[in-house]
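The values are calculated or read from the model by the stated rules, or taken from the named source; none is laboratory data. Nothing here was measured: the structure is a model prediction, and the numbers come from that model. All Cβ positions, even for glycine, are placed from backbone atoms using ideal geometry, and neighbour counts span all protein chains on display. Keep in mind that these areas ignore ligands, DNA and RNA; they rest on the heavy atoms of the full protein, side chains included. Shrake-Rupley method; radii C 1.70, N 1.55, O 1.52, S 1.80 Å.
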Amino acid sequence: MSSPSIIIIGAGIGGLTLARTLLLHDLHIEVYEAQAHLQAPGGGLIVPPNSARILERLGLRSVFQNGVSLRRMQIIDAVNGQALYVRDQHEVERQQGRGLWAVSRSVLQAGLLEKLPPEVLSLQHRLDTVQERGHESYLSFANRRHVIGDLIVGADGAQSRTREILFPHVQLQPTGQTAVRGVLPARLPAKYEQSFTEFWGVGQRFTCFPINDREVYWHAVLKSGDVSPTVTIPQLAQAYESFPAPVQALIQETPQAAMIVTPLRDLSPLPEWTKGNVVLLGDAAHATSPNLGQGAAQAIEDAATLADLIATESDVHQAARRFQQRREHVANAVVARSRQMGQLGQVGGAGRWFRNMTLKVNPDLARSRIEAFYDER
């Protein structure tokens, strides 16, 4: 019996992780990416223990060598400077076998790409249509190329064209928040060095962490009505003028061209991740806001789970259906808790006072939410 042909749409973190894992199982794959050049928008990301284990198994140790092992995670009230949550990551490593790592998204994408034969990836292939032909699917791309595959995996992100074709009625849901992101050459003050630090203000949050020994990634989250898509560095600095001095320094020293504005949206749980010979993976199936640092991690877990099922099931379509059963509970929980965490971090008035008091009395409240998914896989 011939090996099934698996077509992956999207060369982001999830799609490349799936490709790498399937190749280790000696399966035939092809990856099609809409962009002319691979780009990794977003700057930096967190690699928590649940995804770190998978990347290590895939031989991606070089990614960690080019990242930062974080010593602590801390959440600080931006209004009064009170530490709401401090977590020693050595303790996390002792419990989980892995700590918390910070890396450049482009470094992770490049590390995964290096593990693939060049002929596997085709750029400038925007998916146009999918037509079912029995146990195969016939794909047409905007460049007029056509391919046939036994299983099609839509790993093309939150704005998934694959999902649009399968479920045209499904729409991303606004969270009411907008993120402004930046990366710049900088060193953080000792208090924040080798730390994931989040400042919680009233209607605003600011997160920063080093992604290598030369650069710092930051993102500022505001209520969507408080920020324009064309916001300038001076305007953003003014919006965060009440935040601590390191926040102001990071914003003001970031070049305007290095700043990205993104309205935050997520997906309500999809009843189905599969239709015919097509299955969705990562943000295409369960797009989440970035408030738990689990977006890329969940795509990596999706990829590892789907690859394992494809390698062990005699029917790739049955493997796809089992994949949703295996993963949807955790993935949907991440989306819901991430949205809750974002709202918690920006509350004002009596809600802020109650939040601070609750965390002071029960610091495990934040820990249990942040680390809820570290045990996966």
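Kindly write out, for region 207-223 in residue order, the coupling ³J(HN,Hα) from the Karplus curve 6.51 cos²θ - 1.76 cosθ + 1.60 (θ = phi - 60°), rounded to whole Hz, with x marking Gly and Pro.
10, 8, 6, x, 10, 6, 7, 10, 10, 10, 9, 9, 9, 10, 10, 10, 4
Considering only the other residues whose Cβ falls under 14 Å of the Cβ of GLN318, what net charge follows from Lys and Arg at +1 and Asp and Glu at -1?
-1
Give me the lysines in straight-line cross-link reach of LYS360: C-alpha distance below 25 Å, same-chain residues under 8 apart excluded.
Leaving aside lysines fewer than 8 places away in the same chain, those within reach of LYS360 are LYS191.
Indicate the gyration tensor shape class of region 150-273 (rounded, prolate or oblate), computed on the Cα atoms with a ≥ b ≥ c the square roots of the eigenvalues: a/c under 1.5 is rounded; otherwise a/b larger than b/c is prolate and the rest oblate.
In terms of gyration-tensor shape, prolate.
By a straight-distance test (C-alpha under 14 Å), which aspartates and glutamates pair with LYS275 as possible cross-link partners, with residues fewer than eight away in the same chain excluded?
Filter leaves GLU132, GLU136, ASP150, GLU164.
Where in region 86-154 are there trypsin sites (Lys or Arg not before Pro) that are in a DSSP coil and have at most 15 other Cβ atoms within 10 angstrom of their Cβ?
Sparse-neighbourhood loop trypsin sites (Lys or Arg not before Pro): ARG126, ARG144, ARG145.
Please give the FRET efficiency for GLN318 paired with GLN173, using the beta carbon to beta carbon distance and R0 = 25 Å, rounded to the nearest 0.05.
The pair GLN318/GLN173 has a calculated efficiency of 0.20.
Run the dipole for region 1-139 about the Cα centre, Lys and Arg Cβ at +1, Asp and Glu Cβ at -1, nothing else charged, and hand back the magnitude in debye, nearest 20.
520 debye
Assign one of three labels to region 207-290, namely rounded, prolate or oblate, based on the Cα gyration tensor with a ≥ b ≥ c the square roots of its eigenvalues; rounded applies when a/c is under 1.5, prolate when it is not and a/b is larger than b/c, and oblate otherwise.
Here region 207-290 falls in the prolate category.
Could you look at the chain and say what percent of its accessible area is carbon and sulfur, using a 1.4 Å probe and all protein chains?
50 percent
Check VAL216: other-chain or 5+ apart residues with amide H under 5 Å from its amide H, H built from backbone geometry?
When sequence neighbours closer than 5 places are left aside, the close amide H contacts are LEU184, ALA186, ILE211.
Can you pull the three principal axis extents for the Cα set of the chain, in Å, largest first?
Each principal axis gives a Cα extent; for the chain these are 66, 44, 38 Å.
Before I look further, what does region 55-118 give for accessible area per residue, probe 1.4 Å, in whole square angstrom?
47 Å²
For the pair ASP88 and GLN340, how long in nm is the line joining their label points, each one 7 Å along Cα→Cβ?
The modelled label-to-label distance comes out at 2.8 nm.
With every protein chain kept in place and ligands, DNA and RNA left out, what is the accessible area per residue of region 186-309? Probe 1.4 Å, answer in Å².
37 Å²
Please enumerate, by chain and number, the aspartates and glutamates with C-alpha under 18 Å from the C-alpha of LYS223, excluding those fewer than 8 residues away in the same chain.
ASP77, GLU198, GLU241, ASP266
I'd like to know which of VAL231, PRO168, SER268 lies farthest towards the positive end of the charge dipole of the chain, counting +1 on Cβ of Lys and Arg and -1 on Cβ of Asp and Glu.
Most positive-ward Cα: VAL231.
Please report, in debye to the nearest 20, how large the charge dipole of region 174-320 is about its Cα centre when each Lys and Arg carries +1 at its beta carbon and each Asp and Glu carries -1 there.
Computed charge dipole of region 174-320: roughly 560 debye.
Take the chain, connect every pair of alpha-carbon atoms lying under 10 Å apart with a spring to form a Gaussian network, then pick out the residue of VAL183, VAL92, VAL278 with the largest mean-square fluctuation.
Result: VAL92 has the largest fluctuation of those listed.
If the viscosity is 0.692 mPa s and the temperature 37 °C, what Stokes-Einstein diffusion coefficient in µm²/s follows for region 104-205 when Rh is the Kirkwood radius over Cα pairs?
179 µm²/s
Could you tell me the calculated FRET efficiency between GLN65 and GLN256, based on Cβ-Cβ distance and R0 = 25 angstrom, to the nearest 0.05?
That gives a FRET efficiency of 0.20.
Taking only Cα atoms and a 10 Å spring cutoff, compute GNM fluctuations for the chain and point out the largest among ALA304, ALA245, ALA158.
ALA245
Evaluate the charge dipole of the chain about its Cα centre and quote only its size in Debye, nearest 20, assuming +1 on the Cβ of each Lys and Arg and -1 on the Cβ of each Asp and Glu.
Taking the Cα centre of the chain as origin, the dipole is about 740 debye.
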